[in-house]
């Protein structure tokens, strides 16, 4: 039956009636994690994500949740990443206890610097998704976690996913008009990060001007001239002092 998930996972469930869906879901939940082929396990994890977008009963949702948690221990990091992603995407399916378990798992995985980069990227993304449904303490913890992910010694891809997660979280807080203090803090972090990116861009362009290649120097000087028109006084001063 595994060949059924080898096609277009996003379309195939819509072609089956309810009895078929239930039978296939039960089969995947039971046998998917046992398959020796990591590609099949990856496809099964993707299929479970798709199934969770459909109307499932309590038992099916509970079994799917346990499937995803077990998937976090799969030897294939790609499978782990899909499971982490699904835990965030389908957050509306989880009850309070499941959300708390998800939060702790994602937080632990993200904070582990020796964890696979792909998994940590997915953790950052999912933390940004579920944080809005957490209590104030957990929300604050998520904010600090994502903020730490913006440090200079962090992987560039992880930093990108952290800033994306912060932006989504900031937007949600703004829309809901809740947790105004945390909203203000998240906004400050975003502005500081963008300011840092601007400063790094200035330094890169100024370094290029010193390049031996005249064409490179000319191009960077032109870019810096255009860039300077958008700088504030502090940024312009820093650029002149580089």
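Here, each number is a calculation from the coordinates, and none is a lab measurement. Owing to the predicted nature of the structure, the values given are computational and were not obtained by experimental measurement. No Cβ is skipped: glycine too gets one built from the backbone with ideal geometry, and neighbour counts run over all protein chains shown.
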Using Cβ counts within 10 Å as a stand-in for footprinting exposure, how do 26, 97 rank, fewest first?
97, 26
Assertion target for 123, 44, 141, ordered by fewest C-beta neighbours within 10 angstrom first, is 141, 44, 123
